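Trainee: First the structure, then my questions, so here it is.
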Amino acid sequence: EDVEAMLGDGFVDISKVPPIPYTLEDLEKSKEIKEKTGVEEMLVLFVADKDGTPLTGERMSGLIQAEYEKLGLRRFQLYTLSKAWYKDEPFFTELGLKYEWKLITKQIIPGSSDKRHHYEPRDSFTHQDTQEFAIEEYAKQLDIPRDQLKRPEPFQMLYATALHLIATERLNGKGKGERILEDKYHWSDVISSKGQLVRVGIADSSGADVNSDSYDGQNFNFGVCVSRESSSKSFDT
């Protein structure tokens, strides 16, 4: 229902919604994560387009903006598509979503702000100065294998951000929705055509920003959110 409130009535094909792939232990792990780190996770259902094609950033932007306007939530993205620097970028026009469930953090993880994206041997800084190191430390603290933690793609993160706002608005009442990533960016692994890594965030009522930076850049509001993969294959609800 929340997904349809974001994308339009009749958008979700219930027959294509897969089983939740997380075990009960995986889901209960979220409580431990919040207690130890203060980071909250959200269980997000991603979907494909109505005709079964991937739901691209380009396609979802128009759909979400229309529903934002109906709900009085103002802007989904900072710029209109005609002015956006990424309007012809493959990560916006081709990289799409599919039907799947993901556990995604609502906040950037501890130690990931004001850090470089990753380390390369020629760099003057060290591995400890990177977001990758922060992810490794986060995994170690929580006893989660590093390979179970992924950086969400840019429009996966914006989809999740919009869905959480709409879900909490519907649950709590008009004007009481919870905005996440209002003052931070999530820095992804997705590379723009100019060879820079795409980041998204600052998702306030003026609209979220989509930008990019070289891997060795840093800023106090650059951080990283993670999605957590299942520790087992799947179970059917």
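Trainee: Can you pull out the chymotrypsin sites (Phe, Trp or Tyr not before Pro) in segment 1-101 whose DSSP state is coil and whose Cβ has at most 13 other Cβ atoms within 10 Å?
Mentor: Details: sites: 11, 22, 46, 68, 76, 79, 85, 86, 91, 92, 99, 101; in loops: 11, 22, 76, 79, 85, 86, 99.
Qualifying residues, ordered by number: 85.
Trainee: Between residue 220 and residue 183, what length in nm is gained on full extension when 0.36 nm per residue of separation is reduced by their alpha carbon distance? Please list the in-between numbers first.
Mentor: Values: separation 37, 0.36 × 37 = 13.32 nm, distance 1.01 nm.
Extending this stretch completely gives an extra 12.3 nm.
Trainee: Quick one: accessible surface of residue 176, probe radius 1.4 Å, all protein chains present, in square angstrom to the nearest 10.
Mentor: Looks like 130 Å² after rounding.
Trainee: When the Cα centres of segment 1-34 and segment 136-192 are compared, how far apart do they sit, in Å?
Mentor: Centre-to-centre (Cα) distance: 14 Å.
Trainee: Enter the per residue convex hull volume of segment 35-123, computed from alpha-carbon coordinates, in Å³ rounded to the nearest integer.
Mentor: Hull volume normalised by residue count: 195 Å³.
Trainee: Let me have the 222 nm mean residue ellipticity of the chain computed from DSSP H runs of 4+ only, each contributing -39500 (n - 2.57), with the sum over all residues rounded to the nearest 500. If you can, show how the numbers build up before the last one.
Mentor: On the way: 6 runs with 70 residues, N = 237.
Roughly -9000 deg cm²/dmol at 222 nm, from the helical runs in the chain.
Trainee: Going Cα to Cα from residue 174, which lysines come in below 23 Å? Please leave out same-chain ones fewer than 8 positions away.
Mentor: 70, 106
Trainee: Evaluate the distance, in nm, between pseudo-label points positioned 7 Å from the Cα of residue 43 and of residue 98 along their respective Cα→Cβ axes.
Mentor: Distance between label points: 2.2 nm.
Trainee: List the relative contact order of the chain as a percent without decimals, with contacts defined as Cα pairs under 8 Å and 6+ residues apart. Please list the in-between numbers first.
Mentor: Working: 453 pairs, mean separation 65.0, N = 237.
Averaging sequence separation for qualifying contacts and normalising by length gives 27 percent for the chain.
Trainee: Heavy-atom accessible area of residue 71 with all protein chains present, probe 1.4 Å, nearest 10 Å²?
Mentor: Probe radius 1.4 Å; accessible area of residue 71 about 50 Å².
Trainee: Å³ per residue of the Cα convex hull, for segment 98-237?
Mentor: Numbers: hull volume 19.8 nm³, N = 140.
For segment 98-237, the hull spanned by Cα atoms encloses 142 Å³ per residue.
Trainee: Take every DSSP beta bridge whose two residues both sit in the chain, then give the antiparallel share in percent to the nearest 5. Write out the running numbers ahead of the final one.
Mentor: Numbers: 22 of 26 bridges.
The antiparallel fraction comes to roughly 85 percent.
Trainee: Using a 7 Å offset from the Cα along the Cα-to-Cβ direction at both residue 87 and residue 24, what is the distance between the two label points in nm, to one decimal?
Mentor: Label-label distance for residue 87 and residue 24, simple model: 5.2 nm.
Trainee: Could I ask something else about it? Using a Gaussian network model of the chain with C-alpha springs under 10 Å, which one of 55, 97, 81 is most mobile by mean-square fluctuation?
Mentor: So, out of 55, 97, 81, the one fluctuating most is 81.
Trainee: Would you tell me the accessible area of residue 183, worked out with a 1.4 angstrom probe on the heavy atoms of the protein chains, in Å² to the nearest 10?
Mentor: The accessible area of residue 183 comes to roughly 100 Å².
The values are calculated or read from the model by the stated rules, or taken from the named source; none is laboratory data. Everything numeric in this text was worked out from a predicted model, so none of it was measured. Methodologically, a virtual Cβ is constructed for each residue, glycine included, from the backbone with ideal geometry; neighbour enumeration extends over all protein chains shown. Note: areas computed on protein heavy atoms with side chains; ligands, DNA, RNA excluded. Shrake-Rupley method; radii C 1.70, N 1.55, O 1.52, S 1.80 Å.
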